[in-house]
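Below: the structure, in structure tokens.
The values are calculated or read from the model by the stated rules, or taken from the named source; none is laboratory data. As the structure is a prediction and not an experimental result, all values here were calculated from the model. Positions of Cβ are generated from backbone atoms using ideal geometry, with glycine treated the same way; all protein chains shown enter the neighbour counts.
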């Protein structure tokens, strides 16, 4: 039995507000589905963040519907779970995946957490934020008991302590070990390792949702995972889907901008589409504003967008400021509030707001205040 596992397609994502970037994510999804059909798998797993927001734009819904219809026409069912970007976290709300039931998409939920595909058990657990870890563990226990000793798959959209230094939702020790294949989503890097009775796999995102993904993309590419379950242990193969737009990260020396821009423009002229360009600017005698103006003037016409990073130590006149990565925020909150329910809630709300999910943040705040009121 052969299946495809892909994830984090983020349909509707408009990076930096650029329309062309939204289109890039549609193309990545369409190209993946086209390649999946060529591979002729028995079924497909999608492990969350199908869309970038829980109320996707009409074009995102249309692209998803058209692609799922193509899979249905070829007799390829899709089993899916929701990720944090797909969910409103509001009681009674429905994720957008339910719209594609007639397109052959089976959504696994808390109420309907598993399905049998022939003699293969497929269990699914939707995303849970860190402050709901007790609920996540309980749901994992239920699915694990249902799976028993059968050859089985567990679908999850969670970050683990092994793969995220901070900001993870679950410890590897809390994941049941009786599954043959762990189909993971949420982390955008490609990861394959031994776990449980077989393999744990993050197939990565379909396109680069963040500049932080560039290094992993250069090493491992983007695409989906093809899995063969015929043997005692799953056979895992990464299938690459080339991006239609290059994402470049370059280092610029502000002391030799003329030579740098001339060489770079020569390379950019060979590309079929304007790339995304990230520049790390090195030390030089010019002021930051002068460097910025020169690079913008020389390069902006040849790229879709130009993002420049100036470090406080390398560019004259730039004030030194301390900055924090999103993953460090959890440690800061824990230091202030202590490790308790309040700190977990604060971390969850921070992440929801940073992702633009205001409704979810309001909902979680209301739930917390309601519990406080009930304890009086």
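Residue 321 fails exactly one of the following numbered conditions: (1) closer than 25 Å to residue 245 by Cα; (2) modelled with pLDDT under 90. What is the number of that condition?
In the conditions (1) closer than 25 Å to residue 245 by Cα; (2) modelled with pLDDT under 90, residue 321 misses (1) alone.
Output the strands (runs of 3 or more DSSP E) that fall wholly within region 153-224 and possess 3 or more residues being surrounded by fewer than 22 Cβ atoms within 10 Å (Cβ to Cβ) and out of contact with any helix residue (DSSP H, G or I) (no Cβ under 7 Å at 6 or more places or on another chain), or say none.
191-195
Kindly provide the set of residues from region 6-24 that are surrounded by fewer than 24 Cβ atoms within 10 Å (Cβ to Cβ) and either in contact with a strand residue (DSSP E or B) (Cβ under 7 Å, 6 or more places away or on another chain) or free of Cβ contacts under 8 Å to residues at least 60 places away in the same chain (or both), ordered by number.
12, 14, 16, 17, 18, 19, 22, 23
Does residue 264 meet the test of being crowded, with 18+ Cβ neighbours inside 10 Å, touching a strand residue (DSSP E or B) at 6+ places or on another chain (Cβ under 9 Å), free of Cβ contacts under 8 Å to residues at least 40 places away in the same chain and not assigned by TED's automatic domain parsing to the domain that holds residue 26?
Yes.
Filter region 3-24 down to the residues that are under 18 Å from residue 82 (Cα atoms) and within 16 Å of the chain's Cα centre (by Cα) and list them by number.
Scanning region 3-24 gives 5, 6, 7, 8, 9, 10, 11, 12, 13.
Could you list all residues from region 111-125 that are surrounded by 15 or more Cβ atoms within 10 Å (Cβ to Cβ) and assigned to a loop (DSSP other than H, G, I, E, B)?
113
Quick test of your reading of the structure: residue 143 fulfils all but one of (1) modelled with pLDDT of 95 or more; (2) out of contact with any strand residue (DSSP E or B) (no Cβ under 8 Å at 6 or more places or on another chain); (3) crowded, with 19+ Cβ neighbours inside 10 Å. Name the failing condition by number.
(2) is the only condition that residue 143 fails.
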